[in-house]
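To start, the structure under review is shown below, and the notes come after it.
The values are calculated or read from the model by the stated rules, or taken from the named source; none is laboratory data. Everything numeric here is computed off the predicted structure, so don't read it as measured data. Methodologically, a virtual Cβ is constructed for each residue, glycine included, from the backbone with ideal geometry; neighbour enumeration extends over all protein chains shown.
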């Protein structure tokens, strides 16, 4: 189970059909990680990681989490390694049809699959 520090999704743009100006609007808070966002949010890219309490190999956990999100067709984030060697899940928000509900669904999937991985590790 992840701890309850909040990370907020930032940097998505409203549809050009609705507004010609870019706006930054955070969605609901998401308890994804203990350390918060792993990099400042510039424009439309968000880097974060799932950090369950007591986990030792966060890079491996997040790599597997990313693969499961992609394989299940939930979303198509990518992975990256930031300065300092930390593996992060990277979401680039560029589709003008993206809605807050899409990002909430991704957050829910990260929580659920992360808990699944944590249970699997405890059983091994």
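Each row is one residue, and each column tells you yes or no for (1) modelled with pLDDT of 95 or more; (2) over 17 Å from residue 113 (Cα atoms); (3) not in a helix (DSSP H, G or I).
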{"site": "40", "(1), (2), (3)": "no, yes, yes"}
{"site": "46", "(1), (2), (3)": "no, yes, yes"}
{"site": "50", "(1), (2), (3)": "no, no, yes"}
{"site": "62", "(1), (2), (3)": "yes, no, no"}
{"site": "65", "(1), (2), (3)": "yes, no, no"}
{"site": "68", "(1), (2), (3)": "yes, no, no"}
{"site": "74", "(1), (2), (3)": "no, no, yes"}
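Of all the residues in segment 92-114, those that are in contact (Cβ under 8 Å) with a residue 40 or more places away in the chain and either in contact with a helix residue (DSSP H, G or I) (Cβ under 6 Å, 6 or more places away or on another chain) or not in a strand (DSSP E or B) (or both) number 14.
If the condition is being surrounded by 14 or more Cβ atoms within 10 Å (Cβ to Cβ) and under 17 Å from residue 111 (Cα atoms), then segment 40-62 contributes 46, 47, 48, 49, 50, 51, 52, 55, 58, 59, 61, 62.
Candidates in segment 68-91 are the residues that are under 19 Å from residue 56 (Cα atoms), in contact (Cβ under 8 Å) with a residue 40 or more places away in the chain and surrounded by 14 or more Cβ atoms within 10 Å (Cβ to Cβ); of these, the one that is nearest to the chain's Cα centre (by Cα) is 89. Residues in segment 94-115 that are loosely packed, with under 14 Cβ neighbours inside 10 Å and closer than 22 Å to residue 58 by Cβ: 2 in all. Residues satisfying the criterion are absent from segment 18-34 (criterion: part of a strand (DSSP E or B), surrounded by fewer than 12 Cβ atoms within 10 Å (Cβ to Cβ) and either touching a helix residue (DSSP H, G or I) at 6+ places or on another chain (Cβ under 7 Å) or modelled with pLDDT under 95 (or both)).
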